[in-house]
Amino acid sequence: MDTNSKLTLNLKVWRQKNGSAKGKLADYKLTDVSTHMSFLEMLDVLNEQLIKQGEDPVEFDNDCREGICGMCSLVINGVAHGQESSTATCQLHMRKFNDGDTITIEPWRSKAFPVIKDLVVDRTAFDQIISAGGYTSCRVGSAADANSLLIPKDMAEKAMDAAACIGCGACVAACPNGSASLFVAAKIAQFSYLPQGKAERKKRVLNMVGKMDDLGFGDCSNHGECEAACPKEISITHIAIMRKEYVKAAFS
Amino acid sequence: MKLDSKIPDGPLAEKWDKHKFDMKLVNPANRRKYTILVVGTGLAGGSAAATLGELGYNVKSFCIQDSPRRAHSIAAQGGINAAKNYSNDGDSVWRLFYDTIKGGDYRAREANVHRLAELSVNIIDQCVAQGVPFAREYGGQLDNRSFGGAQVSRTFYARGQTGQQLLLGAYGSMMRQVDEGRVMMYARREMLDLVVVDGKARGIIVRNLINGKIESYSGDAVLLCTGGYGNVFYLSTNAKNSNATAAWRCYKKGAAFGNPCYTQIHPTCIPQSGDYQGKLTLMSESLRNDGRVWVPKNKGDKRAPDQIPEVERDYYLERKYPSFGNLVPRDVASRNAKAVCDEGRGVGETGLAVYLDFSDSIQRLGEADIKEKYGNLFDMYERITGDNPYQTPMRIYPAVHYTMGGLWVDYNLMSTIPGLFVLGEANFSDHGANRLGASALMQGLADGYFVIPYTLADYLATNTFSKITEDQKEFTAATQEAKSQITKLLSINGKKTVTEFHRELGKIMWDHVGMARNEKGLKYALKEIPKLRDEFWQNVMIPRDGDSLNKNLEFAGRVADFLELGELMARDALLRNESCGGHFREEFQTPEGEAKRDDKKFTYVAAWEYAGKDKKPILNKEPLKFENVHLSQRSYK
């Protein structure tokens, strides 16, 4: 069984009062951090200390703490969601760190995700992209029997691989261009595998990609940082599918 | 208060169809004249907003997270039930209805549950049409599995992420309506009060969580889809932001609260590791399909699990319940885990855990098969605990997971305040005293996609609505009240943090209003909770920034409400002198230690009515009539 030990950590945390204020890294020392703690529990402990000292706690987004809601969003030592692969910040545990470590904690940094306060950013741009076409237009109550549509197992699995995206935005934060291509491609690829997605195929890819460009996300230039940062291992091959879909839609 | 459940006449299986025909409709051209406020964007709220937008109503949708896609429905793992009988194993609408009534220990309304079972089949059709990538068989048909407490395979699933996929389906449909201009989305808003004008719910007061501004929104009806109150226990499997504030403030405005003591403790969660812990993580109970639950036969056996020979292990669920084995309902599995740990046979550092062992299944089916079914759950377990469940058994322990209680609603999902509808986990209606696995998703979507479009139309068509504005006195008074509570919280400037108070409340609740309750403990809780509440209002310390994002301030308001709700839960549990489902009173058990109901005295819904500050709430009773099923002692042997 995993054993419990205690760490002393030097934290450098991004503090920014609001969107228009200038931010800076602040230093905090934290002792007696149990290796059983999650990264966010470590920040909870820091915040309790700050409150007791009469200082403002560090604001950070989080909710489910099970790696599925996509709300947590920290750049840890320069890496979106930290060094541990395929792990959202909330699932990262302190046993992955060493006694005496210095840990830098910053928000997602991207033009399309402006900082609201400290480590909290505004990701409504993602909702806007989905509202441009990330769905099938099926009226409630009008669906045929579910088994009237046969979908081969491997296609359902591929669609599920793409649909696993949690919309956290780590792909954007990791991309040197601030591109949302992996996020957009995952949704487009999901529907490209499924017969339900066929009817609105062209419109979907043109509108979603168009919306992504309008919102100030950058272009994809195949760095692959997005895939490396993705906590759900969404594959960069979905971006190739998105391009194929786009070309087919744009030139037909 | 007069409770009228408005259950339609006629034979059980025909009630909903008949009622649908009897209800009034709103002309398509008139729908845009109505504004509907939907609070919460989980399965219930998301599906309701999408459907009502599609029908042409003017919908305003509110959520506390940064995006509607984050609602806690997203974390549901295992699946969604539907009476499709695709497995040809004897399932039917009647069987799903019967299982749900029995699983709820005969404390739910027959008519509601039957409607739920009927609608379950439409939900799957709808979700497939949305592109939800459910698990499939090689022939392309949908795959099913059996799930906690069911003897048929009626659960549809998308790996261990069923809630996520269903929610993203509803979210996509809702975002389509945002694009069409029929749904307006207000994210990072927390509902602080309900505005009642001329006896009808006509608006809400929310706090903009980014700039701290108090905002008012008026409408013709309010749909409360804000989930359950499991976080009253501090540690639960709920998301950190899940709370009861919206529902509680509606209670204080006149909505009755139904069966607050019915809470569900989920048997398979990762055990707590220390005081710093902020939440508990659930492991889907689908794991019980292939995992075997055991503890050492001998007390205090601290050997590693692989050092304990087969003959010295007690597979206690298989031993006590030969026909259901590891698949007994949640409440039974949870209580048994507590019992063996109380006997001193618990495992792990704290002794508060039992093993869930996959070695037999891995041997029988191969590691690849287990990985395909549960890979993401195993990975999650390893990330959190540092142990590899392919090699060593998981350690699990029960944790608070779901609340069957909630705001009282009639058959139309309307609360005791006209125009205030309550959907999903936030209402009390369908699961009785215990919810079956994979039924929460079913209820949330049934309420939002298929029930509310009809019952809301009937309400709108049969009522008249005076013209109101957001600056009239009811709104300004509620705004003032919300502002003064915040000012008061910020001015206390005490010595203890919000988290410290919440943790203390959670300990009282878990120890005395938790998995097993007794008169002495409940009376103790009723004495201690008000004391803690008084201390809170004297001594809480909150960072003093009311004009920007301040999560501690948000939590302070929620904990203040939990400190009142916790007391009502204890009161309800003390009054219910019987055991049923998730409500287990130690004084009332069978010789075998099973829940012992008292049908003569307690076949009713306890609907509590707010009587004013520092006054005892008033108990109203809705008798439950069982005309179609015979009440029997639940047995899973």
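Some points to look at:
- Candidates B:Pro260, B:Pro271 - the one that is within 14 Å of chain A (Cβ to nearest Cβ), in contact (Cβ under 8 Å) with a residue 24 or more places away in the chain, farther than 15 Å from B:His72 by Cβ and within 25 Å of the chain's Cα centre (by Cα): B:Pro271
- Search result, residues across segment B:543-569 that are assigned to a helix (DSSP H, G or I), more than 18 Å from B:Glu504 (Cβ to Cβ) and in contact with a Gly (Cβ under 9 Å, 6 or more places away or on another chain): B:Leu553
- Any helices (runs of 4 or more DSSP H) falling wholly within segment B:315-408 and containing at least 1 residues that are within 14 Å of chain A (Cβ to nearest Cβ): B:367-385
- Single residue of segment A:138-156 satisfying the filter (closer than 20 Å to B:Arg154 by Cα and assigned to a helix (DSSP H, G or I)) that is nearest to the chain's Cα centre (by Cα): A:Ala156
- Of all residues in segment A:200-219, one or more are assigned to a loop (DSSP other than H, G, I, E, B), at positive phi and surrounded by fewer than 17 Cβ atoms within 10 Å (Cβ to Cβ).
- Residue check for A:Leu92: at pLDDT 95 or above, in contact with a Lys or Arg (Cβ under 9 Å, 6 or more places away or on another chain), of a type in the set (A, V, I, L, M, F, W, C) and closer than 16 Å to B:Tyr381 by Cα: yes
For (1) small (Gly, Ala, Ser); (2) surrounded by fewer than 18 Cβ atoms within 10 Å (Cβ to Cβ); (3) in contact with a helix residue (DSSP H, G or I) (Cβ under 7 Å, 6 or more places away or on another chain); (4) over 19 Å from B:Leu565 (Cβ atoms), each residue gets a yes or a no:
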site: B:Glu504; (1), (2), (3), (4): no, no, yes, no
site: B:Ile508; (1), (2), (3), (4): no, no, yes, no
site: B:His512; (1), (2), (3), (4): no, no, yes, no
site: B:Glu519; (1), (2), (3), (4): no, yes, yes, yes
site: B:Glu528; (1), (2), (3), (4): no, no, yes, no
site: B:Lys531; (1), (2), (3), (4): no, yes, no, no
site: B:Phe536; (1), (2), (3), (4): no, no, yes, no
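- Any hit, segment A:28-43, residues being within 18 Å of B:Asp545 (Cβ to Cβ) and basic (Lys, Arg): no
- Scanning segment B:267-296 for residues being charged (D, E, K, R) and part of a loop (DSSP other than H, G, I, E, B) gives a total of 3.
- Some residue of segment B:49-60 being within 14 Å of chain A (Cβ to nearest Cβ), among the charged types (D, E, K, R) and part of a helix (DSSP H, G or I): yes
- Reported count of residues in segment A:158-178, each being within 15 Å of A:Thr237 (Cα to Cα) and within 14 Å of another protein chain (Cβ to nearest Cβ), is 8.
- Test: residue in segment B:184-193 that is within 21 Å of A:Ala143 (Cβ to Cβ) and not β-branched (Val, Ile, Thr): no
- The condition of being surrounded by 19 or more Cβ atoms within 10 Å (Cβ to Cβ) and closer than 30 Å to B:Lys320 by Cα holds for only one of B:Phe584, B:Phe555, B:Phe562, that being B:Phe584.
- Residue within segment B:579-594 that is at pLDDT 95 or above, closer than 30 Å to B:Pro8 by Cα, assigned to a loop (DSSP other than H, G, I, E, B) and more than 21 Å from the chain's Cα centre (by Cα) present: no
- Just one of the listed residues (B:Arg136, B:Arg182, B:Arg188, B:Arg159) is at the interface with another protein chain (Cβ under 7 Å from one of its Cβ atoms), in contact (Cβ under 8 Å) with a residue 60 or more places away in the chain and more than 18 Å from B:Leu96 (Cβ to Cβ), namely B:Arg159.
- Test result for B:Ser47, among the hydroxyl-bearing types (Ser, Thr, Tyr) and under 30 Å from B:Val629 (Cβ atoms): yes
- Test result for B:Gly172, assigned to a helix (DSSP H, G or I), in contact with a Gly (Cβ under 6 Å, 6 or more places away or on another chain), buried (at least 24 other Cβ atoms within 10 Å of the Cβ) and small (Gly, Ala, Ser): yes
- Some residue of segment A:89-97 being outside the structural domain of A:Asn207 (by TED's automatic domain parsing) and part of a loop (DSSP other than H, G, I, E, B): yes
- Members of segment B:458-492 found to be assigned to a helix (DSSP H, G or I), of a type in the set (Ser, Thr, Tyr) and closer than 30 Å to B:Asp22 by Cβ, listed by number: B:Tyr459
- Any hit, segment B:105-119, residues being part of a loop (DSSP other than H, G, I, E, B), at the interface with chain A (Cβ under 7 Å from one of its Cβ atoms), at pLDDT 95 or above and farther than 30 Å from B:Lys60 by Cβ: no
- Inter-residue pairs, beta-carbon under 6 Å, first in the same structural domain as A:Arg201 (by TED's automatic domain parsing) and of a type in the set (Ser, Thr, Tyr) and in segment A:136-155, second in a helix (DSSP H, G or I) and modelled with pLDDT of 95 or more, 6+ apart: A:Thr136/A:Gln196
- Residue check for B:Asp125: part of a helix (DSSP H, G or I) and within 8 Å of chain A (Cβ to nearest Cβ): yes
- Answer residue from segment A:119-137, given it is assigned to a helix (DSSP H, G or I) and among the β-branched types (Val, Ile, Thr) and is surrounded by the fewest Cβ atoms within 10 Å (Cβ to Cβ) among those: A:Thr124
- Criterion: touching a Gly at 6+ places or on another chain (Cβ under 6 Å) and of a type in the set (Ser, Thr, Tyr) - qualifying residue of A:Ser221, A:Ser192, A:Ser179: A:Ser179
- Among (1) away from chain A (no Cβ under 14 Å); (2) touching a Gly at 6+ places or on another chain (Cβ under 8 Å); (3) of a type in the set (Lys, Arg); (4) more than 28 Å from B:Thr416 (Cα to Cα), the one test that B:Lys200 misses: (4)
- Considering the conditions (1) basic (Lys, Arg); (2) under 29 Å from A:Cys90 (Cβ atoms); (3) over 21 Å from the mean Cα position of the chain (by Cα), B:Arg182 is excluded by exactly one of them, (2).
- Criterion violated by B:Val195 - all others in (1) under 30 Å from B:Ser218 (Cα atoms); (2) buried (at least 24 other Cβ atoms within 10 Å of the Cβ); (3) within 13 Å of chain A (Cβ to nearest Cβ) satisfied: (3)
- Only one of the listed residues (A:Ile116, A:Ile105, A:Ile68) is in a strand (DSSP E or B), out of contact with any Phe, Trp or Tyr (no Cβ under 6 Å at 6 or more places or on another chain), under 22 Å from B:Asn241 (Cβ atoms) and at the interface with another protein chain (Cβ under 10 Å from one of its Cβ atoms). That residue is A:Ile116.
The values are calculated or read from the model by the stated rules, or taken from the named source; none is laboratory data. No experiment lies behind these values; they were computed from the predicted model shown. Every residue, glycine as well, gets a Cβ built from its backbone with ideal geometry; the counts of neighbours run over all protein chains shown.
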